[in-house]
Amino acid sequence: FDSGAVGSDLMAGRVSLYGLPLDLGLDDREIRARIGRGSLLLTYLNPYSYKVSEEQPDYAPNLEKFDLIVCDGIGIQAAARSVFGSKTPILTPDYDGIAATYLAAASELSLSLCLVGSADEIVSQAVLRLRDEHPGLTEVRGFGGYGSSPRLAKEEILAIKPGMVLVGMGMGKQEAYILDLVESGWSGIGICVGGFFDKLANPDLDYPSWAKTLNMRFLGRLAREPGRLWRRYFLDYRRFVGLYLRHLITRK
């Protein structure tokens, strides 16, 4: 249990939030500027990260190798504010969130793009939407996240060297995949996007507008997919909730 330093003067920079790294103070302008520099590894931290860190020993060390780790969700934002005394923006990887920023930047920079993750038919639909809505992208290719597809995607990425790679293979696997690409010789902008491809392929799965307005996307997802998400929110988030409550009790 590492809560890091406490103080209102800590407004930006990498910190350890209950033992996992997080970059405070980031906003979409900073992300856009970093993309413009041409090389960036970006992922996110949310309450589920703490369960993943228990089950996958390489997860926390892999996070440290990323250039930026953004705040995903009101839970992480609340914990960061309580521990460090500063409010950090929520940068959820969805089409109305930070994803809009890095996709627009990629289009403006005329980058080639490769998607890796989700089922084949879903990633194919996501590719079609991106080609239609971001004509500045020089090329968009997609590969599923199961079976032999990730291996084929790696071979393709190392051969054509796209400027940006988006990976949505689930927390832990997606970070390891991007780091493997880098260790194999690829360089560019690698971004972990979780379940973004599903929502990109099917806009009906996106968060309801009221959930975005309230900054409570998790409630919107739960309302739309209760059968799939109840376990994550009520069981898999327990470690994070326990750490947060322990901090509150200790602070008092």
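Within the stretch 128-159, the only residue that satisfies the criterion of being more than 21 Å from Asp198 (Cα to Cα), surrounded by 13 or more Cβ atoms within 10 Å (Cβ to Cβ) and out of contact with any Leu (no Cβ under 9 Å at 6 or more places or on another chain) is Glu156.
So that you can scan it fast, the table gives a plain yes or no per residue for (1) in contact (Cβ under 8 Å) with a residue 60 or more places away in the chain; (2) closer than 30 Å to Leu152 by Cβ; (3) under 13 Å from the mean Cα position of the chain (by Cα); (4) not in a strand (DSSP E or B):
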position	(1), (2), (3), (4)
Arg14	no, no, no, no
Asn62	yes, yes, no, yes
Gly75	yes, no, no, yes
Lys87	no, no, no, yes
Thr92	yes, yes, yes, yes
Ala99	yes, yes, yes, yes
Cys114	no, yes, no, no
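So, in the stretch 163-198, exactly how many residues are part of a helix (DSSP H, G or I) and open to solvent by less than 20 Å² (accessible area, probe 1.4 Å)? Residues in the stretch 163-198 being part of a helix (DSSP H, G or I) and open to solvent by less than 20 Å² (accessible area, probe 1.4 Å): 7 in total.
Just the residues that are exposed (fewer than 14 other Cβ atoms within 10 Å of the Cβ) and polar (S, T, N, Q), please, taken from the stretch 19-66. Of everything in the stretch 19-66, just one residue is exposed (fewer than 14 other Cβ atoms within 10 Å of the Cβ) and polar (S, T, N, Q), namely Ser39.
Please tell me if Ile69 is surrounded by 21 or more Cβ atoms within 10 Å (Cβ to Cβ) and in a helix (DSSP H, G or I). So Ile69 fails the test. Would you mind stating whether Ser16 is of a type in the set (Gly, Ala, Ser), modelled with pLDDT of 95 or more and buried (at least 18 other Cβ atoms within 10 Å of the Cβ)? Against the criterion (of a type in the set (Gly, Ala, Ser), modelled with pLDDT of 95 or more and buried (at least 18 other Cβ atoms within 10 Å of the Cβ)), Ser16 does not qualify.
The values are calculated or read from the model by the stated rules, or taken from the named source; none is laboratory data. These numbers were taken from a predicted model, which means no experiment stands behind them. Quick reminder, even Gly has a Cβ in these numbers, built from the backbone with ideal geometry, and neighbours come from all protein chains shown. Side chains are part of the model used for accessible areas, which takes the heavy atoms of the whole protein and leaves out ligands, DNA and RNA. Shrake-Rupley method; radii C 1.70, N 1.55, O 1.52, S 1.80 Å.
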